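The values are calculated or read from the model by the stated rules, or taken from the named source; none is laboratory data. In this text the structure is predicted, and so the values were computed from the model without any measurement. Neighbour counts run over all protein chains shown; Cβ positions are idealised from the backbone, glycine included. To get the accessible areas, we keep the full protein, side chains included, count just its heavy atoms, and leave off ligands, DNA and RNA. Shrake-Rupley method; radii C 1.70, N 1.55, O 1.52, S 1.80 Å.
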Amino acid sequence: MGRTLQNTMINLGLQNACDEAIYQLGLDMEELEEIEEDAGLGNGGLGRLAACFLDSMATLGLAAYGYGIRYEYGIFNQKIRDGWQVEEADDWLRHGNPWEKARPEYMLPVHFYGRVEHTAAGTKWVDTQVVLALPYDTPVPGYMNNTVNTMRLWSARAPNDFNLRDFNVGDYIQAVLDRNLAENISRVLYPNDNFFEGKELRLKQEYFVVAATLQDIIRRFKASKFGSTDGVRTVFDSFPDQVAIQLNDTHPAMAIPELMRIFVDIEKLPWNKAWDITKRTFAYTNHTVLPEALERWPVDLVEKLLPRHLQIIYEINQRHLDHIASLFPDDVDRLRRMSLIEEGGTKRINMAHLCIVGSHAVNGVAKIHSEIVKTQVFEDFAVLEPEKFQNKTNGITPRRWLLLCNPGLAELIAEKIGEDYVRDLSQLTKLHEFVDDDLFIREVAKVKQENKVKFALYLEKEYNVKINPSSMFDVHVKRIHEYKRQLMNCLHVITMYNRIRKDPAKLFVPRTVIIGGKAAPGYHMAKMIIKLINAVAQVVNNDTVVGSKLKVIFLENYRVSLAEKVIPATDLSEQISTAGTEASGTGNMKFMLNGALTIGTMDGANVEMAEEAGEENLFIFGMRVEDVTELDREGYNAQEYYDRLPELKQAIDQIKSGFFSPNEPDLFKDVVNMLFHHDRFKVFADYEAYVKCQEKVSELYLNSKAWTKMVIRNIAAAGKFSSDRTIKEYARDIWHVEPSDLKIPPPNEPRDAVEDKTPNGTAA
């Protein structure tokens, strides 16, 4: 979520009043804002997308709740020591959190372990361990519409009789100390992005958030006028018309068997009715096609932790496979491919298959990704139910990612086209009228220059590095992962370095290359990539021949509050994943909206950015998805690129020989070995096209006016990438609710009994 103070002031229309009041007190608002900790309760794009979605849902007046876990320790703080990433615990609650309100009155029990009993009265899950889920509510204000939604995060608490109720011989002290075991569930965020680690504590976290949330939703449904009873039991027929649940990736997939357990075991609904309601309630968003990221939980772990849920999953699978067998008799391979249970070695549950079968809608997050989902990853399921599969291209909130982080640009745009664009970003197309307006061109360039100077000062203060604010700020910030190809950027840096050294007198467009992002603590290759970037920076930044022509900076502890500083100062945005690997990307959109140009592959939302702005207004290079597929078919041979491209050979030889690590010449042997022998992401195959494309970038940067005109064309085309547009599509196509433009009256004005005039709608 990042920081909350400035976002709240902006959405409430109070920023200027607050700035003035604080100034009157002799304080500086910006200094105050810098004191707040980031709430870092997610890993990369997935968690930030959810944060943007909450802002848009409130702004569109949707009755929506964001549910998650209140981690005591969020994503680790990254320190760079001697060029290596070192992790520190993120004790973000150390000084308290003024934005949250504990709600002990809504505390709920969550059960683990135990066994299943089949009785005449039905199936019972007994002898369980209980953990309490204590909700903390954080307000989510809409933009200038007096709407405030809720983000409800669950914290784990041990019940007071924990370890004391059962035949306890009397070690009271140990029993109280053991309360930590239960409360560890919400202790710490798993720091993996795009990687599945099948740990018991992680599965506990996933079920914990799901079980608490579903009880909360059902309590609210029963309390509403729709949760009517037939005298004894609640009638759930209208449940899917009142409740929509969006599964953000497969992490909350246990919600599907959990809702079935509630309906069948507790509410005594017949299976078919329960399953119909469940399917109509859930929808699933897929966020990655990388096989190592797909959740596949071992059956024996689920059997131990959630025995009843395993039985329900088996029953869902049996009925699912019976259906497929009836449509495709004798096609045993299809049954194997489509089963929720993967046999062979340790039996595992494929959570994506569970989500597809248990949802009425499945979507990818960019056109190209949704196509890959339909035609490759889940092809068998799409053949069965093509109407279930949709696209919802991701977006970003223009409140945080323009108004808050780039007030200079936001104001400049408002002067030209009015202020309405903040709630309807498609209005940015009006800027096309000013693409040849010399004054506007100069003002856009001036705002960018001011942002660069401000960021340069920040870097000087925080990192003691002097940088040239008139150099091109070439920025690559995102999680460190092989598929995102920070290594390719690194090879380009080495190539530029070698060119300057070879011919120091030749004209060179000065660059400051900024690379930042966290590596998962257990991801060895990602950590080596960070070390390599820092080793290259060490050499480049201290070479007197190079001087201020080229600087390399690794940006420590990249996070939301740092993104808000670096993105407005960026000239060139690096979006260079291998085609077909980045589901969407959202950083790409933030840079586009803030007046950077993009160098990128035809991957994720880059494709749609090129479609909106015109491919000639982005620096697109490299293999397309079809080329990657073709290269896989014929076999990727890294050696042939190394042999054919002298500059690539030189760069690799330098890394290999210890030019960048003289004290430990074979430090990067693992990296080099990977690039030659098992590079799934084909860095060498795109290197030549990338370097050539970078030459075109430098050439355009020399012509400030032509560059800025291209920037304006990009900003004018960025409207599609508002999360408001994304949420409207979810609301209409999946949740079946209508966004409302109604600005409800502020609390100090009387509300003329508007309570019952509200149209009935789903709560998402």
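Observations on the structure shown:
- Taking the longest Cα principal axis of the chain as reference, the axis of helix 438-463 is set at about 80 degrees.
- For region 84-123: rounded, prolate or oblate by the Cα gyration tensor [a/c cutoff 1.5]: oblate
- At 1.567 mPa s and 4 °C, Stokes D of the chain from Kirkwood alpha-carbon radius, µm² per second: 46
- Rg and Dmax of region 100-158, based on Cα coordinates, read 17.6, 57 Å.
- Under 14 Å from LYS374, Cα to Cα: aspartates and glutamates that are on another chain or at least 8 residues apart: GLU385, GLU387
- Electrostatic tally near TYR463: other residues with Cβ closer than 13 Å to its Cβ, Lys and Arg +1, Asp and Glu -1, net +2.
- Efficiency of FRET between ASP161 and VAL116 - r from beta-carbon atoms, R0 41 angstrom, step 0.05: 0.95
- Segment VAL453-THR123, length gained on full extension (0.36 nm per residue, minus Cα span): 112.1 nm
- In terms of distances greater than 30 angstrom between alpha carbons, the cross-link table entries LYS705/LYS743; LYS367/LYS430; LYS484/LYS549 yield LYS705/LYS743.
- With Cα atoms, 0 to 90° folded angle of helix 683-701 axis to the chain main axis: 60
- As a length-normalised measure over Cα pairs under 8 Å and 6 or more apart, the relative contact order of the chain settles at 15 percent.
- Share of pairwise Cα separations in region 209-277, more than 17 Å, in percent: 40
- Per residue, the average separation of C-alpha pairs within less than 8 Å and at least 6 apart gives region 128-222 a relative contact order of 23 percent.
- Over region 526-647, volume per residue of the alpha carbon convex hull, in Å³: 164
- Antiparallel DSSP beta bridges within region 445-565, percent to nearest 5: 0
- Between LYS446 and PHE659, the simple spin-label model (points 7 angstrom out along Cα→Cβ) gives 4.4 nm.
- If you plug the beta carbon distance of GLN650 and LEU702 into 1/(1 + (r/R0)^6) with R0 = 22 Å, you get a FRET efficiency near 0.30.
- Backbone N under 13 Å from the GLU611 label point (7 Å along Cα→Cβ), restricted to region 706-731: 720-721
- Proximal charge balance of GLU688 [Cβ under 10 Å; K/R count +1, D/E count -1]: 0
- In this simple spin-label model, placing a label point 7 Å from the Cα along the Cα-to-Cβ direction at both LYS743 and GLN318 gives a separation of 5.9 nm.
- Extension gain, ASP333-GLU303: 0.36 nm per intervening residue step, less the Cα-Cα distance, totals 8.2 nm.
- Per residue value of the accessible surface for region 267-306 (all protein chains in place, 1.4 Å probe), Å²: 37
- Computed over region 220-324, the P(r) curve from all C-alpha pair distances, binned at 5 Å from the origin, holds 2, 11, 18, 21, 20, 14, 8, 4, 1, 0, 0 percent per bin.
- Based on Cα contacts under 8 Å between residues 6+ apart, region 293-391 shows a relative contact order of 27 percent.
- Restraint check, LYS446/LYS565; LYS204/LYS273; LYS448/LYS590; LYS304/LYS347; LYS79/LYS531, Cα-Cα greater than 20 Å: LYS204/LYS273
- With a simple spin-label model that places each label point 7 Å from the Cα along the Cα-to-Cβ direction, the separation between ARG103 and GLU30 comes to 3.8 nm.
- Largest-first ordering by accessible area, 1.4 Å probe, given options LYS448, LYS709: LYS709, LYS448
- Rounded to 5, percent antiparallel among DSSP beta bridges of the chain: 45
- Mean-position separation - Cα centroids, region 617-686 and region 173-239, in angstrom: 46
- Helix-only CD estimate at 222 nm, as mean residue ellipticity for the chain, using -39500 (n - 2.57) per DSSP H run (n ≥ 4): -12500 deg cm²/dmol
- Between region 263-278 and region 546-605, the alpha-carbon center distance in angstrom: 48
- Distance from the C-alpha centroid of region 280-358 to that of region 444-466: 51 Å, rounded to the whole angstrom.
- Backbone N within region 1-35 under 20 Å of label point (7 Å from ARG220 Cα along the Cβ vector): 1
- Computed on region 447-598, the Cα convex hull volume stands at 114 Å³ per residue.
- For region 16-95, a crude dipole built from +1 on the beta carbon of Lys and Arg and -1 on the beta carbon of Asp and Glu, taken about the Cα centre, is about 540 debye to the nearest 20.
- Gyration tensor verdict on region 423-506 (Cα atoms; rounded if a/c is under 1.5, prolate if a/b is larger than b/c, oblate otherwise): prolate
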